[in-house]
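Chemist: Could you have a look at this structure, given as structure tokens, before my questions?
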Amino acid sequence: MADKKFDPTNLVELQLVENAISARQSEIDVIKINKPLEEAKKRFDAAKEYFDEADSGYRETDDKRKKLEGEVELQSDKIKSNEGKLFSGTITSSKELENYQEENELLKASNIKYEDEILEIMEVLDELDAKVQKAKLAMDENKSEVSRVAGEMNEKLEVLTNVVAGLNKRSEEVQTLIPDDIKKTYNEVKNKKGGIAVSVLKNSFCSVCNMELPSIALEKIEDPDEIYKCPLCGRMSVVYRAEIDQIEKELES
Ligand SMILES: [Zn+2]
């Protein structure tokens, strides 16, 4: 099965590197399902909704105040213009004089009423403003919490993405050392056997199915550089060597 110049350790290495890639990939998938981030976003949305409500409540009330102030200004202008006419000496009819005086009294009374209303509205505005400020503070706090949690997640993802990139490179490199026919078998077995194509034979046990090989199978294992087939799980079996432990250690760190 194996080329004589081929070191089967490379095949074990490819399997171990690919295992590490899928483990890291699963970690990435788990990190992306970020419950605390989702919850922080929900809290921010709720705080924003509360703020928007408080803010539009303030604006609506302030618009009422502005409208009343505009009304007072218009009426004051009218009063002034009436007074101008009253004191201009151009009005000769006493009826006309009376009309202007009467109108000014009504306008002044109306302005007093509006000014009282404005004062009441301003008290309400103070309360609404305090509510808006508090809502803004809560919204800002939630916003920075979202940024903090998202930032932490992105940092972890960046680290893992770099690790995966390094592993992919290592996988490519080790694949250049494996003859095509062995790679072909590797991929076929991998697809059939849930992603694990290679096992290590150590102390008569298969590292993947954890079964002890029957003595009849063990007798056939004569060349440690040959690739065998586990008679129990059908995987490509490589006889154990110390370099495998070294590779596992490297991949752990
Ligand atoms: Zn096996």
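The values are calculated or read from the model by the stated rules, or taken from the named source; none is laboratory data. Just so it is clear, the structure is predicted and the values come from calculations on it, not from any experiment. Positions of Cβ are generated from backbone atoms using ideal geometry, with glycine treated the same way; all protein chains shown enter the neighbour counts. Heads up: the accessible areas ignore ligands, DNA and RNA and are worked out on the full protein's heavy atoms, side chains in. Shrake-Rupley method; radii C 1.70, N 1.55, O 1.52, S 1.80 Å.
Chemist: In nm, give the distance between the simple-model label positions of Glu141 and Glu212, each being 7 Å from the Cα along the Cα-to-Cβ direction.
Modeler: Rounded to a tenth, the inter-label distance reads 6.5 nm.
Chemist: Semi-axes of segment 42-118's equivalent ellipsoid from the Cα gyration tensor, sqrt of 5 times each eigenvalue, largest first, rounded to whole Å? Let's see the in-between values first.
Modeler: Details: eigenvalues 421, 18, 7 Å².
The answer is 46, 9, 6 Å, longest axis first.
Chemist: Rounded to the nearest whole Å³, what is the per residue volume of the convex hull around the Cα atoms of segment 64-207?
Modeler: Working: hull volume 40.7 nm³, N = 144.
So the per-residue hull volume is 283 Å³.
Chemist: Using the Cβ atoms and a cut-off under 10 Å, what net charge is assigned to the surroundings of Gly234, where Lys and Arg are +1 and Asp and Glu are -1? Kindly include the intermediate steps, with their values, before the conclusion.
Modeler: On the way: positive: Lys192, Lys193, Lys229, Arg235; negative: none.
Around Gly234, the surrounding residues sum to +4.
Chemist: Same structure again: Would you mind putting 114-121, 215-222, 129-136 in packing order, based on average other-beta-carbon counts within 10 Å, highest first? Walk me through the intermediate numbers first.
Modeler: Values: 114-121: 14.1, 215-222: 11.5, 129-136: 15.8.
Ranking the peptides 114-121, 215-222, 129-136 by packing returns 129-136, 114-121, 215-222.
Chemist: Lys and Arg at +1, Asp and Glu at -1: add these up for the other residues within a Cβ distance under 12 Å of Glu39 and post the number. Show your work: numbers first, answer last.
Modeler: Working: positive: Lys35, Lys41, Lys42, Arg43; negative: Glu38, Asp45, Glu145.
Its environment carries a net charge of +1.
Chemist: In Å², what does the accessible area per residue of the chain work out to with a 1.4 Å probe?
Modeler: Values: 16500 Å² over 253 residues.
I get 65 Å² per residue for the chain.
Chemist: Taking every pair of alpha-carbon atoms in segment 190-230, what share in percent sits in each 5 Å bin, from 0 to the bin with the longest distance?
Modeler: 5, 23, 30, 24, 13, 5
Chemist: Also, quick follow-up: Expressed as a whole percentage, what fraction of the accessible surface of segment 176-253 belongs to carbon and sulfur atoms when a 1.4 Å probe is rolled over the protein heavy atoms? Don't jump to the answer; show the numbers that get you there.
Modeler: Numbers: 2410 of 4790 Å².
Heavy-atom surface of segment 176-253 belonging to carbon and sulfur, 1.4 Å probe: 50 percent.
Chemist: Follow-up question, since we're still on this one. How big is the charge dipole of the chain about its Cα centre, in debye rounded to the nearest 20, if each Lys and Arg gets +1 on its Cβ and each Asp and Glu gets -1 on its Cβ? Present the calculation step by step, with values, prior to reporting the outcome.
Modeler: On the way: 39 positive and 56 negative charges, 276 e Å.
I would put it at about 1320 debye.
Chemist: Just how far, in whole angstrom, is segment 202-237 from segment 119-147 if you go by their alpha carbon centroids?
Modeler: Segment 119-147 and segment 202-237 have Cα centres separated by 72 Å.
Chemist: Shifting gears a bit: Using +1 on the beta carbon of Lys and Arg, -1 on that of Asp and Glu, and nothing else charged, what's the dipole of segment 106-158 about the Cα centre, debye to 20? Walk me through the numbers on the way to the answer.
Modeler: Details: 8 positive and 14 negative charges, 24 e Å.
Magnitude of the dipole: close to 120 debye.
Chemist: Something else about it: Of all DSSP beta bridges located in the chain, what percent are antiparallel, nearest 5?
Modeler: Working: 5 of 9 bridges.
Bridges in the chain that DSSP calls antiparallel: roughly 55 percent.
Chemist: On a 1.4 Å probe surface of the protein chains, which of Thr9, Thr176 comes out largest in accessible area, and what is the full order?
Modeler: Details: Thr9 10, Thr176 110 Å².
The residues order as Thr176, Thr9, largest area first.
Chemist: If you don't mind, there's one more thing I want to ask. Summing Lys, Arg as +1 and Asp, Glu as -1, what charge do residues with Cβ under 14 Å from the Cβ of Pro214 carry, Pro214 excluded? The partial results should precede the final answer.
Modeler: On the way: positive: Lys220, Lys229; negative: Glu212, Glu219.
Summing Lys/Arg as +1 and Asp/Glu as -1 gives 0.
Chemist: Using a Debye calculation, one point per C-alpha and no hydration shell, please list log10 I(q)/I(0) for the chain at q = 0.13, 0.17 Å⁻¹ in order.
Modeler: -0.91, -1.18
Chemist: Residue separation times 0.36 nm, minus the C-alpha to C-alpha distance between Ser88 and Leu106: what's the value?
Modeler: On the way: separation 18, 0.36 × 18 = 6.48 nm, distance 2.09 nm.
Taking 0.36 nm per residue and subtracting the Cα distance, the gain is 4.4 nm.
Chemist: Follow-up question, since we're still on this one. Taking a quarter of the surface of the Cα convex hull of segment 129-211, what do you get in nm²? It would help to have the intermediate numbers written out before the result.
Modeler: On the way: hull surface 40.6 nm².
Across all orientations, segment 129-211 yields a mean hull projection of 10.1 nm².
Chemist: From Cα pairs below 8 angstrom and at least 6 apart in sequence, can you work out the relative contact order of the chain, rounded to a whole percent? Walk me through the numbers on the way to the answer.
Modeler: Values: 221 pairs, mean separation 87.0, N = 253.
This gives 34 percent for the chain.
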